[in-house]
Amino acid sequence: MQQADLMEKFEALGKSLECRTNCAEIDVSRIVFDAGLRKSCEMNSCGAYGRNYMCPPFCGEIHELIDKAKSYQKAFVFQSIHALEDSFDIENMEKGSLVHSRIVCDMGQYARAADAQCLVLGAGGCRNCTPCAAQKGEPCRFPEKAFPSLEAYGVFVSKLAQACGMRYINGANTVTYFGVVLYDPA
């Protein structure tokens with residue numbers, strides 16, 4: 001898998017969506033990881049802790065996940081930026097989140113088809129099934145479409161944006177989501 005392939009796929013996706021998009025490639029060594037970010041997950045601030053296979057504690061122990069992420073050479077980082085009516089526009093934040101989840105899924109399936117060993121991380125937990133099969137003690141229904149979050153892997157997303165030359169906050173009345181494909185170039 002090469003950066004050009006990922007960029008071409010992402011740009012095609014971006015053109016088909018009602019949002020702004022950006023992407024960049026960096027060395028994984030430039031990503032800031034912080035095991036302390038897992039505390040936010042453990043506090044269950046989003047409500048997915050122990051309720052989603054792609055979130056803690058199901059996704060794995062934080063230090064093992066960080067080591068796994070660091071084992072790759074390259075990171076293809078992408079973001080989607082969605083317009084809001086105002087900073088309290090929860091409805092469009094949710095719509096933007098769903099659009100971004102679709103982007104992560106499409107990018108993830110594309111990347112995995114090219115390189116089954118790549119690692120794809122999205123924004124927040126997997127949203128393919130409601131409720132997640134984890135809540136019923138059943139196996140994941142769509143493991144090929146399930147991707148863990150950047151936060152679950154300890155990625156400090158605001159510093160990731162900075163390392164890529166992207167803005168973490170893209171102005172008033174917007175919400176921004178990130179995703180990453182970690183891989184070793186062919």
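The numbers here are math on the coordinates, done by the rules we state, and not lab data. All values reported here derive from a predicted model rather than from experimental measurement. Here the Cβ positions follow ideal geometry from the backbone for every residue, glycine too, while neighbour counts run over all protein chains shown.
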Pairwise FRET efficiency - Thr130 versus Ser71, Cβ, R0 = 22 Å, nearest 0.05: 0.10
Computed lengthening from Ala113 to Gln3, 0.36 nm per intervening residue step minus Cα-Cα distance: 38.1 nm
Contact order relative to length of region 3-183, as percent, for alpha carbon pairs under 8 angstrom and 6 or more apart: 35
Two-site label geometry, Val99 and Glu11: point separation in nm, points 7 Å out along Cα→Cβ: 2.0
Cα extents of region 54-112 along the three principal axes, largest first (Å): 41, 27, 16
Additional length obtainable on full extension of the chain from Ala172 to Asp34, 0.36 nm per residue less Cα span: 46.9 nm
For peptides 28-37, 149-158, 52-61, 74-83, sequence by mean Cβ density within 10 Å, most packed first: 74-83, 149-158, 52-61, 28-37
31 Å Cα-Cα threshold exceeded, pairs from Lys95/Lys159; Lys9/Lys136; Lys74/Lys136: Lys9/Lys136; Lys74/Lys136
Theoretical ellipticity at 222 nm over the chain - DSSP helices of four or more residues, -39500 (n - 2.57) apiece, nearest 500: -10000 deg cm²/dmol
Pairwise Cα inverse-distance average, inverted: Kirkwood Rh of the chain (Å): 16.6
Spin-label model distance (nm) - Glu138 vs Asp89, 7 Å beyond Cα toward Cβ: 3.6
Dipole-positive endmost among Gly60, Cys164, Cys105 within region 3-183 (Cβ charges, Cα centre): Gly60
